[in-house]
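Student: Quick one: the structure is below, questions incoming.
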Amino acid sequence: MKPRVGIFSLTGCAGDQLQILNMEDELLDLVSHIHIVDFQEGSSHKEEGPIDVAFVEGSVSTETDLKHLKEIRERSKILIAFGNCAVEGGIQAMRNKEGSIDGRLKDVYGVETGFFDAKLSKPLSEYVEVDLNIPGCPVEKEETLRAITSLLHGDLPPSFTYPVCVECKLNEYPCVIVESGKPCLGPVIRAGCDARCPGLGLDCIGCRGPVDSASGFAAEFSMLLEKGYSKEYILNRLRVFSGEVKEGFLGGEEL
Amino acid sequence: MTRRLTVDMLTRVEGHGGVEVVLDGDEVKDVKFNIFEGPRFFESIIKTVNYEKIPDMTRRICAICTASHSLASIGAIENAFGVENTPQTELLRDLLIHGEMIESHALHVYMLALPDFLGYPDAIAMSADHIDAVKNALALKKTGNMIHTTLSGREVHGMNERVGGFSKIPTEEELTKVKKMLEKVQPAAELAVELFKGFDLPAYNESDNVLMAIDPGERFGYLGTHVLVSGGERHPQEDYMKLTNEKVYRHSYAKHSSYNGGPIMVGALPRVHLSHDKLTGTARELYKEHSDMVDPRNTLSNNFCQALELAHDVERGVETIDALLSDGLEEEGLAEFEAHEGRGINAVEAPRGLLYHDYSFDEDGCITKANIITPTAQNAANIEKDIRVIAVNHVGEDAELMNDIEVMIRAYDPCISCSVHLVRLR
């Protein structure tokens, strides 16, 4: 029997499920191997009942998101946090350590608390058990396809445990920090993108989230300070895709 | 007795939205286009961030209009600092925005909207009987994505287009490869027009619409500095606040726009209706042949207009690549400029309509204030107007009514996750 798969989205840009639709060459073959029970963006067909593999993109940013996530968890054998919003809380978690949700509601919508059911943006793991993370903003198509293939064979796919710097060196790209003084986050960000940004002469902005080992952050922080970037500039950079990383990761700075 | 009809979750649209219609017998008591996508507060979180990283952040408002957001954002920054771009940069940006239209329209026209008209729940089910249509869609989509990848670095949330130009210029070989793909999918684009010309525009969806689109200049396109409004008005993009007067509603994180107190429509129908005389080549011929399908009083025309734009986009892409190749590509680096205190406003056409970015900067070039108005936010009030129109005109079963409403909403190609982080209230 084909595995029952659900593709769900909470708060985000829907870019991770779009990456599934972007597999133009593989899509028809892929869907012949799975049974899709829920894919709101792509289909009006929907089934109740148990799910073998749930892909969940987006962060938990409203009470409705949280309720939806808990329902999905209850139905699913394997739950995948799909993309940076689901894994790290996403770009919308960037200011979680500064100010309040009420302040932002007032700032953007001009209304006071109680008007909406908004919450601070959190990753899925804050509320439910997550079986697999597929990081990235957006997720890489190849990594996603590899993960699906592994799951079809009953395995969990391997994840990247080293930083972007490793892939940059393997490609023999000139180091954008050393050569052009750009504030590259490659030393502390999870690999798996084949160092795409340094390949274009650009600094890594960190869209795959931090590597598991925390040790690099303090060094990155002080290196960028030495290069003349202000503390506010560096924090704004490190936080874009890692708003929820723990305090100690950022060089022990009080934030 | 009153009855409340709902669509709890719209499907085959980007983001999370629903519909509510309250009827008393045949009388329409209330209609709502509900948006329950969570808010992301982009205008608030980008404050204090240096201009250089702003497009990398704001393009993430939307995946399917990522290049539109990035170009709107880059343009607003360039307008604030007075950046002058080279003709090569202008051509590459024109190619990029046309690539985005191809990718987005192929997905919407063929895979999200077409199943409504052929009677399937989705494109995969449709592929059992209409495999050619689905393969055409995928080939077109792939071509649009190839333009993204070649110019921007990847399909979704690229990075290569920057303030002042492109970080890395594509090679002649890469552009020639894209050109070949474009030539190959031209028939697939024209087939979309053939398919949609056959679906009648139902009378139950007719009403007056105020249409708005960018003035593309001499030729049909998606970049410009002025906004056209039906009735012959033309406004500089800096007047956008007047054109999109916004209000907060309790049932929606998206604010609703209005102009002169009434709803407005943006998107492919406004673009084609207001600038059809600027179409060239095949798209011009197809327009002449099927101009009855472009009805400004019927928003369901939007599907046909997207198909027509596909024909334009593919042909224009080839022309732009020819121009780039004949001029010779040059690694010219980014334009030089100095950041300073100031404000910049920029409008572009995203696949689903006008998009505005407005930024204010301090003397270091960091954001002090931002305002972003997306197409679906502008369309929200018009969608509610159309729900009411259909509900009033409707005779027959309730289920059929809700289905007709869902088909109408889908025709707008709404991008709901885009629409929720809108304007600040002053």
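Read-outs: derived from the displayed coordinates by stated rules, not from any lab. Everything numeric here is computed off the predicted structure, so don't read it as measured data. Using ideal geometry, Cβ is built from the backbone for each residue, glycine included, and neighbour counts are taken over all protein chains shown.
Student: How would you rank A:85-96, B:91-102, highest first, on the average number of other Cβ atoms within 10 Å across their residues?
Tutor: Most protected by this proxy first, the peptides run A:85-96, B:91-102.
Student: For segment A:1-145, just list the percent of Cα-Cα distances falling in each 10 Å bin from zero outward, please.
Tutor: Answer for segment A:1-145: a P(r) of 11, 40, 32, 13, 4, 0 percent.
Student: With a cut-off of at most 13 other beta carbons within 10 Å, and DSSP calling the residue loop, which GluC sites (Glu not before Pro) in segment A:35-66 qualify? Please list them.
Tutor: Here the GluC sites (Glu not before Pro) that fit, given the DSSP loop and packing criteria, are A:Glu47, A:Glu48.
Student: Still on this structure, please answer the following. Give, in whole angstrom and from largest to smallest, the semi-axes √(5λ) of the equivalent ellipsoid of segment B:91-131, with λ running over the eigenvalues of the Cα gyration tensor.
Tutor: Each semi-axis is √(5λ); the values are 28, 8, 6 Å.
Student: A follow-up question, please. Could you calculate the contour length gain from A:Lys2 to A:Lys67, that is, 0.36 nm times the residue separation minus the distance between their Cα atoms, to one decimal place in nm?
Tutor: Here the answer is 20.6 nm.
Student: In µm²/s, what is D for the protein assembly as shown at 4 °C and 1.567 mPa s, where D = kT/(6 pi eta Rh) by Stokes-Einstein and Rh is the Kirkwood radius from Cα pairs?
Tutor: Rounded, D is 51 µm²/s.
Student: Roughly how crowded by other chains is peptide B:150-161, in terms of the mean Cβ count from those chains within 10 Å of each of its Cβ atoms?
Tutor: 5
Student: Using label points projected 7 Å from each Cα along Cα→Cβ, tell me how many nm separate B:Ala335 and B:Asp200, to one decimal.
Tutor: 5.2 nm
Student: Next question. With n ≥ 4 as the cut-off for DSSP H runs, can you work out [θ] at 222 nm for chain A, using -39500 (n - 2.57) per run divided by the number of residues, rounded to the nearest 500?
Tutor: -9500 deg cm²/dmol
Student: Continuing with the same structure: Quick check: convex hull of the Cα atoms in chain A, volume per residue, rounded to a whole Å³?
Tutor: 143 Å³
Student: Using a Gaussian network model on chain A with a 10 Å cutoff between Cα atoms, which of A:Glu98, A:Glu142, A:Glu244 fluctuates the most?
Tutor: Comparing A:Glu98, A:Glu142, A:Glu244 in a Gaussian network model of chain A, the most mobile one is A:Glu98.
Student: Testing the spin-label approximation: label points 7 Å from Cα along Cα→Cβ at B:Met1 and A:Lys46. State their distance in nm.
Tutor: Roughly 2.6 nm, to one decimal.
Student: If the viscosity is 0.692 mPa s and the temperature 37 °C, what Stokes-Einstein diffusion coefficient in µm²/s follows for segment B:237-350 when Rh is the Kirkwood radius over Cα pairs?
Tutor: 184 µm²/s
Student: Ok, one more. Between B:Asp277 and B:Asn393, what is the label-point separation in nm under the 7 Å Cα-to-beta-carbon projection?
Tutor: If labels sit at B:Asn393 and B:Asp277, their model points lie 2.8 nm apart.
Student: State, in angstrom, two size descriptors of segment B:309-367 derived from its alpha carbons: Rg to one decimal place and Dmax to the nearest whole number.
Tutor: Calculated on Cα positions, Rg and Dmax stand at 17.3, 45 Å.
Student: Next question, about the same structure. Step through the residues of segment B:140-146 one at a time and calculate ³J(HN,Hα) from phi using the Karplus curve (6.51 cos²θ - 1.76 cosθ + 1.60, θ = phi - 60°), rounding each to whole Hz and writing x for Gly and Pro.
Tutor: 5, 4, 5, 5, x, 5, 5
Student: Still on this structure, I have one more. When each pair of different Cα atoms in segment A:164-250 is counted once in the 1/r mean, what is the Kirkwood radius in angstroms, to one decimal?
Tutor: By the Kirkwood definition, the hydrodynamic radius is 12.8 Å.
Student: Taking Cβ-Cβ under 4.7 Å as the only way to count a partner, pick out the unpartnered cysteines of chain A.
Tutor: A:Cys13, A:Cys85, A:Cys165, A:Cys168, A:Cys175, A:Cys184, A:Cys193, A:Cys197, A:Cys204
Student: Kindly work out what percent of the DSSP beta bridges joining two residues of chain A are antiparallel, to the nearest 5.
Tutor: 25 percent
Student: Taking the Cα atoms of chain B alone, what are Rg (to one decimal) and Dmax (as a whole number) in Å?
Tutor: Answer for chain B, Rg first and Dmax second: 20.9, 72 Å.
Student: Can you give the Rg and Dmax of segment B:11-95 based on its C-alpha atoms, in angstrom?
Tutor: 19.5, 63
Student: Taking 31 Å as the cut-off for C-alpha to C-alpha distance, list the pairs among B:Lys142/B:Lys288; B:Lys141/B:Lys288; B:Lys53/B:Lys385; A:Lys119/A:Lys227; B:Lys141/B:Lys242; A:Lys70/B:Lys47 that go past it.
Tutor: The answer is B:Lys53/B:Lys385; A:Lys119/A:Lys227; B:Lys141/B:Lys242; A:Lys70/B:Lys47.
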